[in-house]
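Some notes on the structure that comes next.
The values are calculated or read from the model by the stated rules, or taken from the named source; none is laboratory data. All values derive from a computational prediction rather than experimental measurement. When the accessible area is computed, the model is the full protein with side chains, heavy atoms only, and any ligands, DNA or RNA have been set aside. Shrake-Rupley method; radii C 1.70, N 1.55, O 1.52, S 1.80 Å.
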Amino acid sequence: MRQLYKEEEEKKRQEKLVDKKKIEWGSQIRSYTLHPYNLVKDHRTGVETSNTQAVLDGEIDMFIEAYLLMYQ
């Protein structure tokens with residue numbers, strides 16, 4: 001019984017790895033709109049900010065935190 005459980009868990013883990021490797025057209029993570037208005041949106045978490053310059057300067061902690069909280 002325990003072996004069967006381990007096999008199923010390994011199978012699920014492998015499926016997740018395959019899913020992560022699938023990159024298709026339109027599967028963008030984040031979009032940047034700089035004109036006519038400022039907006040950066042993370043499509044995985046739904047987090048948005050109008051402070052585009054900060055994001056372009058590398059301040060992406062809000063996106064990382066939201067992503068980590070999704071899988072907590």
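Working from the alpha-carbon coordinates of the chain, get Rg over Rh, Rh being the Kirkwood radius.
Working: Rg = 17.5 Å, Rh = 14.8 Å.
Rg/Rh for the chain comes to 1.18.
Put Asp57, Asp42 in order of accessible area, largest first, 1.4 Å probe: what do you get? Walk me through the numbers on the way to the answer.
Values: Asp57 110, Asp42 0 Å².
In descending accessible area the options line up as Asp57, Asp42.
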On the accessible surface of the chain, probed at 1.4 Å, how many percent belong to carbon and sulfur atoms? 53 percent
Name the residue, out of Gln53, Gln28, Gln14, whose mean-square fluctuation peaks in a Gaussian network model built on the chain with Cα pairs under 10 Å. Gln14
Probe of 1.4 angstrom, ligands and nucleic acids ignored: what's the accessible area per residue over the chain, in square angstrom? 91 Å²
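Based solely on its DSSP helices, what 222 nm [θ] is calculated for the chain when runs of n ≥ 4 H residues each add -39,500 (n - 2.57) and the sum is averaged over all residues, nearest 500 deg cm²/dmol? All intermediate terms of the calculation are to be shown ahead of the outcome.
Details: 3 runs with 35 residues, N = 72.
For the chain, the value works out to -15000 deg cm²/dmol.
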